[in-house]
Amino acid sequence: NDPWKYLDPSLFTKSLSKTVRRACYGAPAIGWGPTILPIVASLPILDVATEPNHDATEREERMKGTEVRPLPLLAVESLWDGHKSAVGVTDTAAIVSAVIECVTFLMLRRPKENHPQFSLDCWRKCGQLLLESLVYFFMEAPDSGYGPAAASLDGLCTTLSRDILKLDTASCDEGIGDRGVSNIANWLWGEEGLQSALFRGKNDSQKVRKLGCLLKSILIQCNEADGMKPKSLIPSFVNFFHVIILSSGDRSNKSCTGDEVKLLLNIMEICTVDDFFPVRGKVKFSEDEMVTISIEHFCVNDLLRWILVHSSIATTAIETDFEILKKCIQSMPSFNRQKQVWETILRELIKSFCDFTTLAVGLSTMTRRIHNDKNNESFKSSHADLVRCAVLDSFASETCDQMMNSYRQSHHLLRDYDIIESSPKRKGNLLLFITTCLGIHDSSHKSLVSTSVIKHWINSCLVLNTDESHLEEKLILEDEAGSNYFLKALLILASLPGCELISTEEVLNLIFESWFEGGMIWNEYAVNLLTTFGEKASFKDQFILKASSSLRNDIHCEPPLDHAVLELTCQAWSKRAMRLLRITKLDNLDNLGLGSAELWDSASLSTERDFSEYFFLCLMYLLHSFNSAEQRKELISNANESRIFVHILTSIAKSENPILESFNHRTERNHQLLDILGGRAGTGETL
């Protein structure tokens, strides 16, 4: 069964080498590349210069100044030369993939009678071809491609990671003394081998990204192999890790790039944190140099600086920064030590005026379970305890005070609030920060702030939820944009199934506050929540009673003396009344406080305050909110007082207030009311 019994292996190898050295003369390498490995595997170890079929002259020429090469290695060397002759990324990547497969096979194959051991130099040549293929991948191969080129590059990355893991496993196996890789393991994974290849050239963005892709592929295959870790790669990657950290200090911003941070995280997932930060705090960097570094120093100095730099330029590296921080904190043996480092990092981020989005991303990342981390369950159960701290509570409370004060100042028209002098406005997504603190985005819905902080937020939102004696005190702009983020977040929290952080009474008060402020939060959150809680007995009735009582109390308050303020007050009252009418079927003036004949009769007798004008404007603005005259007439006709319409007209006609003292003015008011109800023809019979 010897395939070479009737075929000269030397001549065949010579012909094959010539062909592959020219990349098969342009034939698609993706087709013929995979066929090279079976051919190389079947070639005997005989060298062309030692075969008897060749004359002495040829043997001398072949051996002159040249190390004797086994036939399989000669073929693979020629194949490697062929990648320089290939046209296009697709063919080149396919040829390099074939080289990797061949040299890996040769170094892992057990010696047999017709496949004896190579010399040490030949084994090193095999290892050198593997390393050159690695260098090609991260320095010469393009970052990305399309169609066949992309598939070929992905295939090259997969082949590299797969075969490197095979060689690593074999190098760590004590029973592989007869395999080729055992002869060069120390050299292959040491400073002259893998480390030299990794540090070749500049660590530019392309090299960093390609190494990151390679490590991701290695991680995927490690996870598929029950979490196997490549032990032989650790020293080289640990050194590369520290080189990136040290080189970042030479830049103007003293930070790593986003690609570098992702690469560091991938390295940390392959290795363990103790590989980078031993207990003694010393890491070997080179033969003559020792770098003293501790995990706390790395977190509080390097990592904190990176977070601040990345947040200032709004990069996607922020999440990766916190992933690294989480890994570092998890590796600390003491929970108190973990807590101290976390509080220090958080405190410095707050002092540095880090934006809300970065803080939210950090909190979310620190509490998120690490995918495929088998040792993560204990951390998952205590993640909220680690992140929840006095620093976060204090910041959350202060933020609420500042933001709610700012909100009141921007929406309250006449009420005076203390102006809080503080640093420039903190940027970022405040709502995301609040909802993250409340645990809304986490599947377990565990709050990251204490219950006392949540109660403080609720009380801060309920400042307007009082029965003030002066209407001017409650005159606010409607929150059309939904900028009361704390109120919005608390309503979202209350809507979560099984929420126990907010009592039913607090939910009622929050909904009432949203009803009072109106706008987007009421329409999109509070109404839906009211419907949900409305399933509970009497909850919706309690809200209707509370809102109705508020409207009636406002009617009985003394109206503002300034007519412009009076107009604004009446508009605000009518909007609140309309919001209540839209969620209840009780469409009558009695629920709003305007259905009493005694109220309208007494208004015309008042001389100090313009109650007639106040009631009239509230009613008119409310009627204008309806779409049809029929709906307006129904509102008035449903009042308990059957002749309430007459009392309204009489109140206007008899008013002796300065603003209505002329007969023409009183008549005009009555005409306006009649017109909005459909004119005389439309009101005669109905009212």
The extension gain from residue 531 to residue 39, computed as 0.36 nm times the residue separation minus the Cα-Cα distance, is 169.7 nm
So the carbon and sulfur contribution to the accessible area of the range 138-187, 1.4 Å probe, in percent, is 50
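Assuming R0 = 30 Å, what is the FRET efficiency of residue 337 and residue 225, from their Cβ-Cβ distance, to the nearest 0.05?
Computed FRET efficiency for residue 337 and residue 225 comes out at 0.35.
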Filtering trypsin sites (Lys or Arg not before Pro) in the range 1-35 by DSSP loop and by at most 12 other Cβ atoms within 10 Å leaves 5
So the compactness index of the range 481-532, its C-alpha Rg divided by 2.2 N^0.38 Å, takes the value 1.00
Residues meeting the amide H criterion for residue 482 (H placed from the backbone, H to H distance under 5 Å, 5 or more places apart or on another chain) are 520, 521
Between residue 653 and residue 414, the FRET efficiency computed from the C-beta separation at R0 = 30 Å comes out, to the nearest 0.05, as 0.40
With the 1.4 Å probe rolled over protein heavy atoms, the range 117-216 has an accessible area per residue in Å² of 42
Simple SL model, points at 7 angstrom along Cα→Cβ for residue 601 and residue 394; separation in nm is 6.4
Plugging the Cβ-Cβ distance of residue 191 and residue 624 into 1/(1 + (r/R0)^6) at R0 = 60 Å yields, to the nearest 0.05, a FRET efficiency of 0.10
Applying the gyration tensor rule to the Cα atoms of the range 75-177 (axes a ≥ b ≥ c; rounded if a/c under 1.5, else prolate if a/b exceeds b/c, else oblate), the class is prolate
Note to self: C-alpha centroids of the range 1-48 and the range 304-357 sit apart, in Å, by 56
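State, as an integer percentage, the relative contact order of the range 69-196 based on alpha-carbon contacts under 8 Å between residues 6 or more apart.
33
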Taking a crude spin-label model, label points 7 Å out from Cα along the C-beta direction, the residue 252 to residue 5 distance in nm is 7.5
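The values are calculated or read from the model by the stated rules, or taken from the named source; none is laboratory data. In this text, all values refer to a predicted model and were calculated from it rather than measured experimentally. Ideal geometry is used to build each Cβ from the backbone, glycine not excepted, and the neighbour counts take in all protein chains shown. For accessibility, only protein heavy atoms count, side chains too; no ligands or nucleic acids. Shrake-Rupley method; radii C 1.70, N 1.55, O 1.52, S 1.80 Å.
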